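Values quoted throughout were computed directly from the atomic coordinates according to the rules given, and no laboratory measurement underlies them. A quick note: this is a predicted structure, and the numbers were derived from the prediction, not measured. All Cβ positions, glycine included, derive from the backbone under ideal geometry; neighbour counts span all protein chains shown.
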Amino acid sequence: MPRSNRPHGRKSGAGGDDDGFARLQAGWRRTESKRDGLWNVQPISAVAAAKTYLCPGCRLEIAPGVAHVVTWRGDGVMGDAADLAARRHWHLHCWKLK
């Protein structure tokens with residue numbers, strides 16, 4: 001009897017791999033609710049952090065190579081494009097305190 005090399009337990013065409021890949025490409029972006037509304041939050045790894053940014057929470061620099069988060073409004077009235085253009089980079093601890 002010939003051997004089957006197909007993996008057992010995975011169903012093809014279910015779209016599970018595509019969903020996981022899209023999530024990976026999005027950088028594990030999530031939505032958080034804060035006192036001032038709904039926010040989109042996307043973590044930036046230390047490896048991917050290549051520029052210097054100014055944290056709006058503490059007004060100190062976020063140096064290249066430091067993991068942080070990028071945030072933008074999720075419920076803004078000016079539209080998605082304007083919200084995305086107004087995104088800000090925060091230190092992880094500063095964002096938690098917001």
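Here is how the numbers come out for the structure above:
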| read-out | value |
| --- | --- |
| Simple label model, 7 Å out from Cα along Cβ direction - A81 to W28, nm | 3.2 nm |
| Ascending count of other beta-carbon atoms within 10 Å, so fewest first, for T71, T31 | T31, T71 |
| Likely footprinting exposure, W90, W28, fewest C-beta neighbours within 10 Å first | W28, W90 |
